[in-house]
1. Step through the table entries 143/274; 181/390; 143/390; 186/274, compare each Cα-Cα distance with 29 Å, and write down the pairs that go over it.
2. How much length would be gained if the chain were fully extended between residue 337 and residue 403, taking 0.36 nm per residue of separation minus their Cα-Cα distance, in nm to one decimal?
3. Going from the alpha-carbon gyration tensor of the stretch 286-400, what semi-axes, largest first and in whole Å, does one get by taking the root of 5 times each eigenvalue?
4. Extending each Cα 7 Å along its Cβ direction at residue 165 and residue 244, get the distance between those two points in nm, one decimal.
5. Assuming R0 = 56 Å, what is the FRET efficiency of residue 381 and residue 308, from their Cβ-Cβ distance, to the nearest 0.05?
6. Nearest-5 percent of antiparallel DSSP beta bridges in the stretch 272-358?
7. Determine, for each peptide in 246-256, 389-399, the mean count of other beta carbons within 10 angstrom over its residues, then list the peptides with the highest first.
8. Taking the Cα-to-Cβ direction at residue 143 and at residue 181 and moving 7 Å from each Cα, how far apart do the two end points lie in nm?
Amino acid sequence: MFNLPKTEKMEDIKTQLETIKKDLDGAINAGVDASKEFTQEKLDAFNEVLEKSNSSIANLEARVAELKGHGMDDKDAVAKTTQEALMKAMDTDEFRSFTKKESSRFNIKDLRIKAAADMTTGGQTGQIVDNAYLPILPEVERKFRVRNALRVGSMGGDAVQFPDVTGGEGVPDAIAEGGPKPQMDKDFALVTYPAETIPGYMRISNQMLSDFQGLSSYLAYELPRQIYNTEDTQLLTGNGSSPNLYGLSNGALTDADLASTYFDGAIANGKSNKFDCLLAGVGILKARDYAPDAILMNPQDVATLAYARDDNGQYTAPIIFVDNVPTIFGLPISESTAVSAGSFFVMDSQNVGQLFQREGLSVRFFEQDGDNVTENKTTVRAEMREAFAKFHSDACFTDTFANVTAVIEAS
């Protein structure tokens, strides 16, 4: 009888070795050119190889224990994989040459135990999970929306209408006793601001919605973000021609309104900075009895405004931070990338106008749209409907720093 290899740490391999033993007995009985003693000698050598691999098997068992400690029950799978690797090694010409005395050495090359630190890229520690996907990272949201600087209300119907004063004659005056009283009149015109729709949609395969974790919630965030981005642009520069809103820049005061005023040429050539431009905007509004309460600027301009210095290296813009908000003359500076770099807005938000919401922002998913049913797609739509009614267009000043500089500096 043959002595079986010592496989006390490899019980799963015992059956395969029994099979090898029977095959060798059959080969000897069939008259293969190998003696029983020689075959036993080779099996002893093979047993020695297996004994040398015990440490590797121990590593495997330790790894299985580690996997189980992380919530995985893969010991049977790992043991089966080890057994298959061994049988694959035995089913080679090298092993057959070994049993036929054609080779004096047989190495089990495929039975390799992977070190614990090599299992994950970068030596990941902590919980091991299968197909770990983080939620889709959202786009960066603007920290400030133009609507935040305006009065916001609701509306019914499809438009906001009100009579606007377009002119008039006569003013009150002091008169002598018995004198004629001055007559006055006002001219009115009905102004209409229709509710405009800002929509957008995406069409996505149902497979993508199912396979990408968090895609639905991402779309519910991303579409509104883009809708609000468009609203920012409309509220600032919309031309008022349907379907555009009537933005703040329409009818606003500009550098042309500074000409022939106290601000025209008030500063020596080359001595003004962005702070002086803002001051001119604030001053021209106050000269018309408005009470400016908001400044809108691009973040780049806020930064350059803050580090402006004179020839002696002294800071020239008296910015004071209140609750982490930069202020000038008590007016908060709101930073938004919706404002073009190099330009700015100063306004009296209580008198410039009001944003009326007809239909709030909504996000809806539709399967019945176009060829969606036959193509397994879903349409995601976001939209809102609103009107921006301008009460006093000249309650806002807007222009570029370059244009204002050209006016307030003496030539």
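1. On the way: 143/274 23 Å; 181/390 34 Å; 143/390 25 Å; 186/274 40 Å.
Among 143/274; 181/390; 143/390; 186/274, the Cα-Cα distance tops 29 Å for 181/390; 186/274.
2. Working: separation 66, 0.36 × 66 = 23.76 nm, distance 2.02 nm.
Once the chain is fully extended between residue 337 and residue 403, it gains 21.7 nm.
3. 41, 21, 11
4. 2.9 nm
5. Details: r = 46 Å, r/R0 = 0.82.
Step by step, r from the Cβ atoms, then E = 0.75.
6. On the way: 10 of 13 bridges.
If I count the DSSP bridges inside the stretch 272-358, around 75 percent turn out antiparallel.
7. Final packing ranking: 389-399, 246-256.
8. For residue 143 paired with residue 181, the spin-label model returns 5.7 nm.
Read the figures in this text as sums done on the coordinates, not as results from a lab. Just so we're clear, the structure is a prediction, and the values are computed from it rather than from any experiment. Using ideal geometry, Cβ is built from the backbone for each residue, glycine included, and neighbour counts are taken over all protein chains shown.
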